1. Restricting to DSSP H runs of at least four residues, report the calculated mean residue ellipticity at 222 nm for the chain, -39500 (n - 2.57) per run over all residues, nearest 500 deg cm²/dmol.
2. For K8 and S58, compute 0.36 nm times the residue count separating them, minus their Cα-Cα distance, and round to one decimal in nm.
3. What is the helix-to-structure angle for 59-74, meaning the angle in degrees between its Cα long axis and the longest Cα principal axis of the chain, kept from 0 to 90 and rounded to the nearest 10?
4. Round to the nearest 10 and give me the degree value, 0 to 90, for the angle of helix 29-41's Cα axis relative to the longest principal axis of the chain.
5. For segment 73-112 and segment 10-64, what is the centre-to-centre distance using only Cα atoms, to the nearest Å?
6. Report the antiparallel proportion of the DSSP beta bridges in the chain as a percent, rounded to a multiple of 5.
7. Relative to the longest principal axis of the C-alpha atoms of the chain, give the angle of the C-alpha long axis of helix 107-116, reported between 0 and 90° and rounded to the nearest 10°.
8. Going by a ≥ b ≥ c, the root eigenvalues of the Cα gyration tensor, does segment 4-110 fall in the rounded group (a/c under 1.5), the prolate group (a/b larger than b/c) or the oblate group?
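Bear in mind these aren't lab numbers, they're just calculated from the coordinates by the rules spelled out. In this text the structure is predicted, and so the values were computed from the model without any measurement.
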Amino acid sequence: MPQLTINKKDLGNNTVLLEPVGCLDAHTFEKMEQAIRGLFKEKVFRIIVSLPLLDYISSAGAGVFIGNITPAQEKGGNIVLVNPSANVKEVFDLLGLSQIFPMADDVEEALTHFQDDGT
C-alpha cells in the first residue's frame with residue numbers, strides 16, 4: 001500500500017509549508033485533506049506545498065488541492081505548489097491544474113504569490 005508522510009513547517013506570517021513525501025492517491029489523499037483542513041481550523045490559509053519528494057499523484061490526490069483552493073482564496077490565502085517532480089507536474093498539466101494553481105520554483109518565490117494579492 002502506498003505511503004504518504006507530510007512534513008509541516010510554520011513559516012510565520014500565517015503561512016505554512018507542507019512537504020508531502022511518497023504517493024498522494026486514493027489510499028492516502030485523506031491524510032493530505034486532514035492536514036489542509038487542520039490548517040484552516042487554525043485560521044491558516046496561506047499554504048505552500050513543496051512537491052519534489054512526491055513520487056506520484058492521482059486525480060484523487062489532486063482533488064484535495066482542487067477542493068481546498070477556493071476556501072483558502074476566500075479567506076485571503078492561496079495554495080501555491082512548489083517544484084513538482086516531473087511525474088506530478090505531468091498529472092497537473094493533464095488535469096489543467098497548472099493554469100489554476102500558482103507554481104513556483106522555490107519557497108521564496110512561492111511567498112511572493114501571497115504578497116501580490118494584498119495579504
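1. Rounded to the nearest 500, the figure is -12500 deg cm²/dmol.
2. Working: separation 50, 0.36 × 50 = 18.00 nm, distance 2.15 nm.
Length gained between K8 and S58: 15.9 nm.
3. Relative to the chain, helix 59-74 is tipped by roughly 10 degrees.
4. 10 degrees
5. 12 Å
6. Working: 8 of 22 bridges.
Here the antiparallel bridges make up roughly 35 percent for the chain.
7. 50 degrees
8. Working: a/c = 1.40, a/b = 1.30, b/c = 1.08.
Verdict is rounded for segment 4-110.
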